[in-house]
Amino acid sequence: MDEESLAAWRHAAKVAKLRLLRAGPHRLRSWSFPGGMSLLLVEVDRRGVESPALAPPDQPTRQWVPPPRPRPRTQEFLGRIVPVPSTVRRPHPIVQDLTEALDFPERMIYQHRPYLMPNKRRPVQRMRQIWQAIITEAEFRGYETLFRHNRRDHYDSGQLILRIDRDEFPLQLYGERGKPLQLTIKDVHPARRRGYDTWTDTADKPLHRQLGEIFTHIERWADLLIARREAEERREQERRRERQRREDEAQRQFTEDHRRKTIQARIGERQFADDARAYAAALAAVADDLEPDRAQEVRAWATWILQHADQVDPRLSREGMPKTPKPERDDLLPYLTAGHWHY
């Protein structure tokens, strides 16, 4: 929001505040910040307690959708010549920040003795042209640019960050008296073990004519990082599918073992029921030869055995498919490969 629009909004908010004070239960609250302002409509009851005004219940809430990430456009702009302005009359705010941060290390080092601060006589105008060209070209290609400066680091002179998809490429421009301009990507390329990629200003090949090559290098770099990230995501998905397949197989084996144990238990219960009935029949046969009191106890015991045999006999209960209990983590360990789960 520009200064004129912001001033108009502040004037309108002040008028609305004064009018709401005269009548009605609503009050307007405002907060200003650099480049904008916030407004809040509140309701005031008779006791002066404020509560935010609620939106109509039938008004749907807009769901926040993340903006799409820019993708590298390598083939589309391959061999493109990046235009460089002859003069920077309306510099980008990032260009102004980069210009102010050029002598930040010297200001911090010599802050108590400013008369000793050296004058490096940097080619500021040329550096501003290159910065402006990089930012304009990045916005033209749909990439995001931002300024990063760690003020706690007294040797940090600021960096221009070029963001493509999830990756950031810090660019730093060096230039002093008697030395050629150098543009460096302050990050190590995946194909290199050490060192940064640097482009130097020469008489045969000025730096501003190498900007197209620099953008192509960064875009291919971004393509490589995206391809590696997508390959890693595919491998991770394959690992998750393999892990899920192993766990499903372990679950199936656990279910089969549980059913097998259930079958063995029911067969044992059937054999136990047959043996118990035979034992009860034998007791009833010998009870006739015993004394009346003793015979009554034996017959009662035989009757209970028959009742218990009927209760445990699976042929009489006619139980169906057993319900498999939910296995715990330790229950599936015998069915998984070594190292599937780590403690």
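The values are calculated or read from the model by the stated rules, or taken from the named source; none is laboratory data. These figures come from a predicted structure and were not determined experimentally. Heads up, the Cβs are rebuilt from the backbone with ideal geometry, glycines too, and the neighbour counts pull from every protein chain shown.
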What's the total number of residues in segment 108-167 that are over 21 Å from LEU225 (Cα atoms), hydroxyl-bearing (Ser, Thr, Tyr) and under 31 Å from the mean Cα position of the chain (by Cα)?
2
Enumerate the pairs (first residue in segment 210-232 and closer than 17 Å to THR198 by Cβ; second residue anywhere and hydroxyl-bearing (Ser, Thr, Tyr)) with beta-carbon separation below 8 Å, excluding pairs fewer than 6 apart on the same chain, so at least 6 apart or on different chains.
THR216/THR74; ARG220/THR74
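Quick one: which of ARG294, ARG246, ARG252, ARG299 is in contact (Cβ under 8 Å) with a residue 40 or more places away in the chain, surrounded by 11 or more Cβ atoms within 10 Å (Cβ to Cβ) and among the charged types (D, E, K, R)?
ARG246
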Would it be correct to say that PHE140 is at pLDDT below 95, outside any loop (DSSP other than H, G, I, E, B), among the aromatic types (Phe, Trp, Tyr) and surrounded by 15 or more Cβ atoms within 10 Å (Cβ to Cβ)?
no
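From the list TRP304, TRP341, exactly one residue is at pLDDT 85 or above and either of a type in the set (Phe, Trp, Tyr) or within 60 Å of the chain's Cα centre (by Cα) (or both). Which is it?
Values: TRP341 fails: at pLDDT 85 or above.
On inspection, the qualifying residue turns out to be TRP304.
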All positions within segment 32-59 that are at pLDDT below 70 and acidic (Asp, Glu):
GLU50, ASP58
Checking the structure you have, find out if any residue of segment 77-97 is modelled with pLDDT of 90 or more, part of a helix (DSSP H, G or I) and over 32 Å from the mean Cα position of the chain (by Cα).
yes
Some residue of segment 199-208 being touching a strand residue (DSSP E or B) at 6+ places or on another chain (Cβ under 9 Å), assigned to a helix (DSSP H, G or I) and more than 23 Å from GLU139 (Cβ to Cβ):
no
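Determine whether ARG126 is of a type in the set (D, E, K, R), surrounded by 17 or more Cβ atoms within 10 Å (Cβ to Cβ) and part of a helix (DSSP H, G or I). Talk me through it step by step, then tell me what you get.
Working: of a type in the set (D, E, K, R): yes; surrounded by 17 or more Cβ atoms within 10 Å (Cβ to Cβ): yes; part of a helix (DSSP H, G or I): yes.
Considered against the rule, which asks whether it is of a type in the set (D, E, K, R), surrounded by 17 or more Cβ atoms within 10 Å (Cβ to Cβ) and part of a helix (DSSP H, G or I), ARG126 comes out as yes.
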Select, from ASP156, ASP204, the only residue that is crowded, with 16+ Cβ neighbours inside 10 Å and of a type in the set (Asp, Glu).
ASP156
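Would it be correct to say that PHE169 is at negative phi, buried (at least 21 other Cβ atoms within 10 Å of the Cβ) and either in a strand (DSSP E or B) or in contact with a Leu (Cβ under 8 Å, 6 or more places away or on another chain) (or both)? Steps first, answer last, please.
On the way: at negative phi: yes; buried (at least 21 other Cβ atoms within 10 Å of the Cβ): yes; either in a strand (DSSP E or B) or in contact with a Leu (Cβ under 8 Å, 6 or more places away or on another chain) (or both): yes.
Answer is yes for this residue.
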Restricting attention to segment 180-191, does a residue exist that is out of contact with any Pro (no Cβ under 7 Å at 6 or more places or on another chain), of a type in the set (D, E, K, R) and in the same structural domain as ASN150 (by the TED database)?
no
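The rows are residues; the columns are (1) touching a residue at least 12 places away in the same chain (Cβ under 8 Å); (2) touching a strand residue (DSSP E or B) at 6+ places or on another chain (Cβ under 7 Å); (3) within 26 Å of PRO68 (Cα to Cα).
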| site | (1), (2), (3) |
| --- | --- |
| GLN129 | yes, no, no |
| ARG152 | no, no, no |
| ARG163 | yes, yes, yes |
| PHE169 | yes, yes, yes |
| GLU176 | yes, no, no |
So, ASP274, is that one part of a helix (DSSP H, G or I) and modelled with pLDDT under 90 or not?
no
